[in-house]
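We did not get these values from a lab; they are worked out from the coordinates using the rules stated. Because the structure is predicted, anything quoted here is derived from the model rather than measured. Quick reminder, even Gly has a Cβ in these numbers, built from the backbone with ideal geometry, and neighbours come from all protein chains shown.
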Amino acid sequence: MPTLALTLLPLSYLALVSIPLMVIDVREHRLPNWLVLPGYLVLLVAMAGVWLTTGNFPWVALAAAIGYFVFLYLLAWLGGMGMGDVKLAGVLGGASGLLSLQAALIAPIAAFMLAGVVSLAVWAVTRSMKTRIPFGPFMLAGLWLAVGLTYFQSSAS
C-alpha cells in the first residue's frame, strides 16, 4: 500500500465517523467509544504501515497523538473536558500528525479558536457562563480545517 494511502487511512475513518460524532455530541454531550476507539486501531495500522514502507518511524504523528491526548486529559482533570474529548484527541492528533507537523499544530489550535468564538457568541446571547457546549464538533472541525489548509498549501507550492 503506498505511503499516501496509509497517511490518508485514519482520515478516511474520521470522514466516516465525523458527522455521527458531531450529532451525538451536540445531542447527548458524549462521544461514544464504539465510534472513537476503532480510530486508534486504524491509526496504529497506518503508522505501522508508514514505518514499514518508508523505514521512517512517524514520530510527528506519535507526538501529536500523545500531546493532544495529554493536554485534553489535563483539562479534563481540571474539569473542563469530558473523557470522550480526551480519547478523540489522540486519534485526531495522530491522524493530523501523519499528514504534517503543520496540520498537527493547526488542528487543536483551530478547535480551541472555533470553540472560543462560539462560546463568546453563546455568552453574548445568554449572558450565562453555565451553558455547556460540546467540544467534539470543534475538534473535528479543527481537524478538517487543518487538512484543508495543508492540502491547499501543498497544492499551491
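A few notes on this one:
- Each eigenvalue of the Cα gyration tensor of the stretch 45-121, multiplied by 5 and square-rooted, gives one semi-axis; in descending order these are 26, 14, 8 Å.
- Protection proxy ranking of 116-124, 132-140, by the mean of other Cβ atoms within 10 Å over each peptide's residues and highest first, is 132-140, 116-124.
- CD proxy at 222 nm, helix term only [per DSSP H run n ≥ 4: -39500 (n - 2.57); per residue of the chain; nearest 500]: -28000 deg cm²/dmol
- On Cα atoms only, tilt of 136-156 relative to the major axis of the chain in degrees: 40 degrees
- Cα pair distances exceeding 20 angstrom across the stretch 1-60, given as percent: 35 percent
- For the chain, the convex hull spanned by the alpha carbon atoms encloses 107 Å³ per residue.
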